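Trainee: Quick one: this structure, given as structure tokens, is what I'll be asking you about.
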Amino acid sequence: MPGFDSVPGVTDFLARTRASYDTLAADYTDWITDELAARPLDRALLTAFAELVRAGDGGPVADIGCGPGRMSAFLHDLGVDVFGIDLSPRMVAIARRLYPDLRFAEGSMTELALRDGSLGGIVAWYSVIHVPEEELPRVFVEFHRVLAPGGYLQLAFQAGDEVAHWTEVAGHTISLDFHRRQPDRVTELLRRAGFEVRTRTLREPDDDGRFPESTPQAYLLARKQTEERP
């Protein structure tokens, strides 16, 4: 995985996140597979993103933190040229098995093995939630680097102010930090990285069904500026 062992200060959280999702991969896939079907607003936001990137000519879309590939598959069905990247080798293996016609690779969002300006879009759907606060600006700069001018970034994350640390899920021992963030703070970090935030959506938590939520859910659509501003 490019850069994984060579980036000072980030190896620990990357290693813990990768090991945790390797451990959870099969159970997580069984649990999350039908989640998007229960989220009509989420589907609408992703559909709007797909329409925007299809209208551009900046290149394919990277689903960063793709997990078992469900977002890649959804965007592909909408006509998007998409591929997935994930930190967890077991998640990548499951995605390749479930969606053999799509492309998936191991990688870290802290150092993407992609050329400058090679993407027309990025989806980071609840994948920056494990990134420590001090590393998030670096991640957004990396997203900006690999996007073509005019390319779009779609983020989803839990809104809030706290960090939750999980050590056990479904009988599995893990070590995951979940960073809940305020949309205003994330918007400012995106602007500092060179993005223009185009849409901000805050959804109240769903509290019933198979996928109950305890926090509001935030969605930011940002665009890499076509010209650098002074």
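Trainee: How much length would be gained if the chain were fully extended between A44 and D177, taking 0.36 nm per residue of separation minus their Cα-Cα distance, in nm to one decimal?
Mentor: In short, 45.0 nm is gained.
Trainee: Something else now. How would you order 156-169, 202-215 from highest to lowest mean count of nearby Cβ atoms within 10 Å?
Mentor: Order by mean packing, descending: 156-169, 202-215.
Trainee: Of the listed values [x] 0.93; [y] 0.97; [z] 1.03, identify the label whose number matches Rg/Rh (Cα atoms, Kirkwood Rh) calculated from this model.
Mentor: [x]
Trainee: Taking 8 Å as the Cα distance limit and 6 or more residues as the minimum spacing, I'd like the relative contact order of the chain as a percentage.
Mentor: 19
Trainee: Do the sum for the chain: with -39,500 (n - 2.57) for every DSSP H run of n ≥ 4, divided by all residues, what is the mean residue ellipticity at 222 nm, to the nearest 500 deg cm²/dmol?
Mentor: Taken over the chain, the calculation gives -10500 deg cm²/dmol.
Trainee: Another question, if that's okay. Place a point 7 Å from the Cα of L98 along the Cα-to-Cβ direction; which residues of the stretch 142-173 have their backbone N under 18 Å from it?
Mentor: 156, 170
Trainee: Let me ask something additional. Please report, in debye to the nearest 20, how large the charge dipole of the stretch 20-132 is about its Cα centre when each Lys and Arg carries +1 at its beta carbon and each Asp and Glu carries -1 there.
Mentor: 80
Trainee: Just want the answer: with Cβ charges of +1 for Lys and Arg and -1 for Asp and Glu, which residue in A193, A164, F178 is farthest toward the dipole's positive end in the stretch 162-209?
Mentor: A193
Trainee: Another question, then. Determine ³J(HN,Hα), in whole Hz, for all residues of the stretch 198-215 in sequence, where each value follows from phi through the Karplus function 6.51 cos²θ - 1.76 cosθ + 1.60 and θ = phi - 60°; x replaces Gly and Pro.
Mentor: Per-residue couplings from phi come out as 9, 9, 10, 10, 10, 9, 5, x, 6, 10, 9, x, 6, 10, x, 10, 10, 10 Hz.
Trainee: Dipole magnitude of the stretch 122-230 about its Cα centre, charges +1 at Lys/Arg Cβ and -1 at Asp/Glu Cβ only, in debye to the nearest 20?
Mentor: The calculation lands at about 600 debye.
Trainee: Using +1 at the C-beta of Lys and Arg and -1 at the C-beta of Asp and Glu, which of F13, V53, Q154 has the Cα lying farthest in the positive direction of the dipole of the chain?
Mentor: V53
Trainee: Can I ask one more? With +1 assigned to the C-beta of every Lys and Arg and -1 to the C-beta of every Asp and Glu, and no other charges, what is the dipole magnitude of the chain about the Cα centre in debye, to the nearest 20?
Mentor: Once rounded to the nearest 20, the dipole reads 560 debye.
Trainee: Let me ask you something else. So how far apart, in nm, are the two label points at A19 and V163 if each is 7 Å from Cα heading toward Cβ?
Mentor: 1.8
Trainee: At R192 and W31, where each label point lies 7 Å from the Cα along Cα→Cβ, what is the point-to-point distance in nanometres?
Mentor: 3.3
Any read-out appearing in this document is the output of simple, stated calculations on the displayed coordinates, not a laboratory observation. Keep in mind that what you see is a predicted model, and the values were worked out from it rather than measured. In this analysis, Cβ positions are derived from the backbone assuming ideal geometry, glycine residues included, and neighbour counts consider all displayed protein chains.
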